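This report refers to the structure that appears directly beneath it.
The values are calculated or read from the model by the stated rules, or taken from the named source; none is laboratory data. Quick caveat, the model's predicted, so the values are computed rather than measured. Here the Cβ positions follow ideal geometry from the backbone for every residue, glycine too, while neighbour counts run over all protein chains shown.
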Amino acid sequence: MGFLDRFKRQPEPQTPEEVLEALVTAYTRQKWKRISSLCERHEQTILDNFTSWQTVPESIRKNRRRTDAYVHTLITVGQAFENAGFPELLQSMIGDEQSNPMLTWGDDLDKAQAFIDADDFQAAIELLTERLKIHEGHSGSGMDHFVPRTHGMIGIAYFHAGDLDAAQHHTKKALSICKELGDTDGIATYTNNLQQMVS
């Protein structure tokens, strides 16, 4: 029985865990009025437990889609509370660029892609290699999301630069991480990339 499935038999949540499951279920079903209603009726429960909820449950951490739904549920709840005059919840999640450098990681991936599109492969490699160094030794859902994508893009840059060994090394690294996480989309992507590199 999955994390989301248990809520089906509990239409009116009572405990903090049930409130959280109800919110996630409402998000996955795109029931925005249900989310607003839950936030209004369980305001204090959410305020009291939001910080602890930011740790993604181990039971769903290796499933990218469920993890994304969980995280986006919290963001949606944070935005709802911000609109109601409680910005602290959303701020506790996203921080700022100094307290949470991962906020700019996606921007660096976009910049690296622009470098690759402009045939400036070395610039892309240097940018993304530095990004990996910044977060070396860190862990968490953010790392699970960004590290394989970063290795994958470095692999693409090396491939276009003509360094096949380095390209395969980073692509295999991305593939290995995705296999550990059970990320089927990533596995398919990097397996395909490797096949193209040896064809």
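Scanning segment 42-64 for residues that are part of a helix (DSSP H, G or I) and surrounded by fewer than 13 Cβ atoms within 10 Å (Cβ to Cβ) yields Gln44, Asp48, Thr51, Ser52.
Matching residues to (1) assigned to a helix (DSSP H, G or I); (2) at pLDDT 95 or above; (3) farther than 20 Å from Arg64 by Cβ; (4) among the aromatic types (Phe, Trp, Tyr):
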site: Asp119; (1), (2), (3), (4): no, yes, yes, no
site: Leu127; (1), (2), (3), (4): yes, yes, yes, no
site: Arg149; (1), (2), (3), (4): yes, no, no, no
site: Gly152; (1), (2), (3), (4): yes, yes, no, no
site: Gly155; (1), (2), (3), (4): yes, yes, no, no
site: Leu175; (1), (2), (3), (4): yes, yes, no, no
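Here Thr189 passes the criteria (1) in a helix (DSSP H, G or I); (2) surrounded by fewer than 17 Cβ atoms within 10 Å (Cβ to Cβ); (3) of a type in the set (Ser, Thr, Tyr) except the one numbered (2). Looking at segment 65-87, which of its residues are crowded, with 17+ Cβ neighbours inside 10 Å and assigned to a loop (DSSP other than H, G, I, E, B)? Matches in segment 65-87: Phe86 only. A search for C-beta distances below 9 Å between a residue of segment 105-122 that is on the phi > 0 side of the Ramachandran plot and any residue that is surrounded by 12 or more Cβ atoms within 10 Å (Cβ to Cβ), counting only pairs 6+ apart in sequence or on different chains, returns Asp119/His160. Tallying residues that are assigned to a helix (DSSP H, G or I) and modelled with pLDDT of 90 or more within segment 1-31 yields 13.
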